[in-house]
Amino acid sequence: MNALSCANMALADYDQLIPLDEVIKTMKEVGASIPRSLRCTALGGLSITPAARKIENEMKHKPKK
C-alpha cells in the first residue's frame, strides 16, 4: 500500500509540505528517543518474536549461493 500511495503521489505531481531533510532529521530524533529495547532492531520490537527468531536461525543456516 505504501508503494502504491507513493507512486500515486509521484504521478499526481504531489507537492510535499515538509522537506525530506526535515523528515529524516525528525525521524532520527524520534528513533533516538525510543529505548533500544523497544525499537525494531535485533534487541527489540518484532525482531524478538518467536517467528522472527526462527527466520533469523533459518537464514544463518541457509547455504550461501
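Structure above, values below:
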| item | result |
| --- | --- |
| Subset tally (residues that are over 29 Å from GLY44 (Cβ atoms) and of a type in the set (Ser, Thr, Tyr)) for the stretch 1-31 | 1 |
| Matching residues in the stretch 56-65 - criterion: being modelled with pLDDT of 80 or more and either exposed (fewer than 12 other Cβ atoms within 10 Å of the Cβ) or not in a helix (DSSP H, G or I) (or both) | ASN57, GLU58, MET59, LYS60, HIS61, LYS62, PRO63 |
| Flag for SER37 being polar (S, T, N, Q), in contact with a Gly (Cβ under 7 Å, 6 or more places away or on another chain) and on the phi < 0 side of the Ramachandran plot | yes |
| Residue within the stretch 2-18 that is in a helix (DSSP H, G or I) and touching a Cys at 6+ places or on another chain (Cβ under 9 Å) present | no |
| Residue match in the stretch 27-49 (condition: assigned to a loop (DSSP other than H, G, I, E, B), in contact with a Lys or Arg (Cβ under 9 Å, 6 or more places away or on another chain) and without any contact (Cβ under 8 Å) to a residue 40 or more places away in the chain) | yes |
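Condition check ((1) modelled with pLDDT of 80 or more; (2) β-branched (Val, Ile, Thr); (3) touching a strand residue (DSSP E or B) at 6+ places or on another chain (Cβ under 9 Å); (4) surrounded by 10 or more Cβ atoms within 10 Å (Cβ to Cβ)) across all residues:
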| residue | (1), (2), (3), (4) |
| --- | --- |
| ASN2 | yes, no, no, no |
| ASN8 | yes, no, no, yes |
| ASP15 | no, no, no, no |
| LEU20 | yes, no, no, no |
| VAL23 | yes, yes, no, yes |
| VAL30 | yes, yes, no, no |
| PRO35 | yes, no, no, no |
| THR41 | no, yes, no, yes |
| GLY44 | no, no, no, yes |
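The values are calculated or read from the model by the stated rules, or taken from the named source; none is laboratory data. Here the structure is a predicted model, which is why all the values come from computation and not from measurement. When we count neighbours, we look across all protein chains shown, and the Cβ atoms used for this are built from the backbone with ideal geometry, even at glycine.
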